[in-house]
Amino acid sequence: MSGVTQCRDYRRYRVRYAFLGVCHSMAHKLGSQFHIPHGLANALLICNVIRYNANDNPTKQTAFSQYDRPQARRRYAEIADHLGLSAPGDRTAAKIEKLLAWLESIKAELGIPKSIREAGVQEADFLAHVDKLSEDAFDDQCTGANPRYPLISELKQILLDTYYGREFVEGEAGAKAEVAPVKAEKKAKKSA
């Protein structure tokens, strides 16, 4: 069996038995709407999804009976530990930041764009579809497996932040999400 075949079979196994989440949900919709390859869409979104999920007080927790409290922050810190990114005495937040920096460095090394805009999606086109993308991502089969159950407005904020190359910041979903579409509508009216 060739290495490519083994990788393909392993990937199929992982996807079948792994719990995927909102990164895949949004990547499905980005890829479908803007013809962005699925792996690239995931790479564009992954850091903001980690920032979103790494919260011990989520708006709503996914209903997995085996979890009596949010686990994502601790799990991301464990990933940083396993990758050898953290130092003795690092707090959870520092470990997560090191994981994010590591992911960003890999993306830069591979030449992955820093934003959806840099991936070639026009702003007016993106803003015209961001509400539908958010709603469709919410309804995607992978969303229910995310460690933090999202609000549509939170998915929209992750998409907007990723489009503009901004870091997702908790609590800004309502404020930023309302400003961008208004600006886009004004711009569209001027050009019409």
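What ranking, highest mean first, results for peptides 102-112, 133-143 when packing means the other Cβ atoms within 10 Å averaged over each residue?
So the order, starting with the most tightly packed, is 133-143, 102-112.
All other residues with a Cβ under 11 Å from the Cβ of Q33 taken together, and with Lys, Arg as +1 and Asp, Glu as -1, what is their net charge?
Summing Lys and Arg as +1 and Asp and Glu as -1 gives 0.
What FRET efficiency do you get for T59 and E104 if R0 is 22 Å and r is their Cβ-Cβ distance, rounded to the nearest 0.05?
0.25
Bear in mind that the values in this text are calculations on the coordinates, not laboratory data. What you are looking at is a predicted structure, and each value in this text was computed from that prediction instead of being measured. Using ideal geometry, Cβ is built from the backbone for each residue, glycine included, and neighbour counts are taken over all protein chains shown.
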